[in-house]
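Input: a single structure, listed below in structure tokens.
The values are calculated or read from the model by the stated rules, or taken from the named source; none is laboratory data. Owing to the predicted nature of the structure, the values given are computational and were not obtained by experimental measurement. So basically every Cβ, Gly included, is an ideal-geometry build from the backbone, and we count neighbours across all protein chains shown. Remember, those area values only see protein heavy atoms, side chains included, never the ligands or the DNA or RNA. Shrake-Rupley method; radii C 1.70, N 1.55, O 1.52, S 1.80 Å.
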Amino acid sequence: VFEAPTGVLAGVTAGRAVIDCATLAESDMKRMKDQVESKGGTFLEAPVSGSKGPAHTGQLIFLCAGSKSLFDEESVQSAFKAMGKATHFFGSEVGYGTRAKLVVNSLMGTMMAAFGESLALAESVGLNGEKMLEVIGQGAIQSPMYALKGPKMLKKDHAPNFPLQHAHKDMKLAVDMAKGVGVEYAVTEEAEKLLREAREDKDLNIAEDDFSAVFEKIHKESTSEFSKKRN
């Protein structure tokens, strides 16, 4: 799409601008920026926090870095406002938007892994899953993600909004980023491992399902009577 003979880069000329909203490795984003600028264009990275639902309702969050003049253009701001509820600029150095996105998505994946384990434990010790979702939603740990995904998870409904394979990709990039700067990231590393194993499980075949489908992997690997019956 970007580097093909008839791709985005082929159409870049002096005065043209590229705003890229993908979640990539930082090195890839920087390479794209260099390629665009080498042809006289300007570049802004703008990965988004939010999936299918927020995209449909104009509730995305843009995490930007790169050309400040491009970011400030009225037409660009108008487009961001049409598609999102917030826009953040992290500076002129491309890569910082990607870093922000990987921090957000690695936390989200870790939260989903822990949430799935907690729901599986609740069910396995005889607690009503729907009641536990109500309890979780009333306390300090309540989360819009839990409220949205939880009821569907209990029903094995993992229609994709954010596919598991994409969630795992972002977590792996975040784990690598943490290792690169020497940050202890052990909890997230374990969550990344769980999502990777779920993604690679040929029997479950859930790589293209929503990342909430990691719940199915948790139950598959569990030996509780509830998990055995559920599976």
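What to note about this one:
Per-residue answers, yes or no, for (1) out of contact with any strand residue (DSSP E or B) (no Cβ under 8 Å at 6 or more places or on another chain); (2) within 30 Å of Gly41 (Cα to Cα):
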{"site": "Gln59", "(1), (2)": "no, yes"}
{"site": "Lys85", "(1), (2)": "no, yes"}
{"site": "Leu102", "(1), (2)": "yes, yes"}
{"site": "Gly109", "(1), (2)": "yes, no"}
{"site": "Ala122", "(1), (2)": "yes, no"}
{"site": "Ala140", "(1), (2)": "yes, no"}
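- The listed residue being free of Cβ contacts under 8 Å to residues at least 12 places away in the same chain and acidic (Asp, Glu), out of Glu184, Glu216: Glu184
- Taking helices (runs of 4 or more DSSP H) as the structural unit, those lying wholly within the stretch 180-231 and holding at least 2 residues that are within 19 Å of the chain's Cα centre (by Cα) and at negative phi correspond to 186-200, 214-221.
Residues checked against (1) more than 12 Å from the chain's Cα centre (by Cα); (2) closer than 28 Å to Phe226 by Cβ:
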residue: Ser67; (1), (2): yes, no
residue: Ser78; (1), (2): yes, no
residue: Ala100; (1), (2): no, no
residue: Phe115; (1), (2): yes, yes
residue: Ala120; (1), (2): yes, yes
residue: Glu130; (1), (2): yes, yes
residue: Ala140; (1), (2): yes, yes
residue: His166; (1), (2): no, no
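- Test: Ser75 is under 30 Å from Ala159 (Cα atoms), among the polar types (S, T, N, Q) and out of contact with any strand residue (DSSP E or B) (no Cβ under 8 Å at 6 or more places or on another chain): no
- Residue pairs whose Cβ atoms lie under 8 Å apart, separated by 6 or more positions or on different chains, with the first residue in the stretch 64-75 and under 14 Å from His88 (Cβ atoms) and the second among the β-branched types (Val, Ile, Thr), are Cys64/Thr87; Ala65/Val94; Ala65/Thr98; Gly66/Thr42; Gly66/Val94.
- Filter result (touching a helix residue (DSSP H, G or I) at 6+ places or on another chain (Cβ under 6 Å) and open to solvent by 40 Å² or more (accessible area, probe 1.4 Å)) within the stretch 210-221: none
- Selection of the stretch 67-91 for residues being out of contact with any Phe, Trp or Tyr (no Cβ under 9 Å at 6 or more places or on another chain) and either within 14 Å of Glu26 (Cα to Cα) or surrounded by 17 or more Cβ atoms within 10 Å (Cβ to Cβ) (or both) yields only Val76.
- Subset of the stretch 136-182 that is among the charged types (D, E, K, R) and open to solvent by less than 30 Å² (accessible area, probe 1.4 Å) - its residue that is nearest to Gly109 (Cα to Cα): Asp170
- Residue pairs meeting the criteria (Cβ under 9 Å; at least 6 apart or on separate chains; first in contact (Cβ under 8 Å) with a residue 40 or more places away in the chain, in the stretch 119-148; second open to solvent by 90 Å² or more (accessible area, probe 1.4 Å) and of a type in the set (D, E, K, R)): Ser124/Glu225
- So Val94, is it touching a Gly at 6+ places or on another chain (Cβ under 6 Å) and β-branched (Val, Ile, Thr): yes
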